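Engineer: Got a structure for you, written out below as structure tokens; questions coming shortly.
The values are calculated or read from the model by the stated rules, or taken from the named source; none is laboratory data. Remember, predicted model here, so these are calculated numbers, not experimental data. So basically every Cβ, Gly included, is an ideal-geometry build from the backbone, and we count neighbours across all protein chains shown. Side chains are part of the model used for accessible areas, which takes the heavy atoms of the whole protein and leaves out ligands, DNA and RNA. Shrake-Rupley method; radii C 1.70, N 1.55, O 1.52, S 1.80 Å.
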Amino acid sequence: MRSERTPQYGFRAFTRADLPMMARWLKEPHVAEWWGDPVGALAEIEAAIDDISTEPLIVELDGAPVGYLQSYDPHLEDGHPYQDQPTGTIGLDISIGPAELLGKGHGSAIVAQFCELLFEEGVPRVIIDPDPANRRAIRAYEKAGFTAFDERTSIYGPALLMSRDAPQEAE
């Protein structure tokens, strides 16, 4: 009998030692399609290591790296297009690294688990902004409890802005 346990993911700081693995992931077609130029994307991720507005993380499953996740505070970045969101809002970007892990529910499970951690820390809202053409990501985020509320264009191109709000305490 197979156990249907929900996987528990670990989140650890992304370090310069992770750059070669990230460079490989950024060249994978399923990642490159949405991140664009792997060299430029890797440079942005490396810069995020020392950026106070962004927290780059490696997602692990059973101790093995399976993805990249970065959280960011749009209010700490001058002119960020999502500064109209409530104070305390955190934005996310995520990619599953190994292609063989796609379509197995990892994306939605990772995002849902990370949101719960953020809500426990007092974050009122989490936003994510997939390209409107990225149907796989949109479905995963909907499964993780996100709802689309706006379409915008940023320096990265078109974005479907989606949010998930912290549960309200019963009075």
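Engineer: Against the definition (in contact with a helix residue (DSSP H, G or I) (Cβ under 6 Å, 6 or more places away or on another chain) and without any contact (Cβ under 8 Å) to a residue 40 or more places away in the chain), how does Leu42 come out, yes or no?
Structural biologist: yes
Engineer: With the requirement that a residue be open to solvent by 40 Å² or more (accessible area, probe 1.4 Å) and under 25 Å from Gln83 (Cα atoms), what does region 114-138 give you?
Structural biologist: Once the filter is applied, which keeps residues that are open to solvent by 40 Å² or more (accessible area, probe 1.4 Å) and under 25 Å from Gln83 (Cα atoms), region 114-138 yields Glu116, Leu117, Glu120, Glu121, Gly122, Pro124, Arg125, Asp131, Ala133.
Engineer: For the list (1) modelled with pLDDT under 95; (2) of a type outside the set (Val, Ile, Thr); (3) under 29 Å from Glu116 (Cβ atoms), I need the number of the one condition that Gly36 fails.
Structural biologist: (3)
Engineer: Being polar (S, T, N, Q), within 19 Å of Val59 (Cα to Cα) and touching a residue at least 12 places away in the same chain (Cβ under 8 Å) is true for just one of Ser154, Ser108, Ser163. Which residue is that?
Structural biologist: Ser108
Engineer: With the condition being open to solvent by less than 50 Å² (accessible area, probe 1.4 Å) and β-branched (Val, Ile, Thr), I'd like the helices (runs of 4 or more DSSP H) fully within region 1-112 carrying at least 1 qualifying residues.
Structural biologist: Fully inside region 1-112 and qualifying: 29-35, 38-48.
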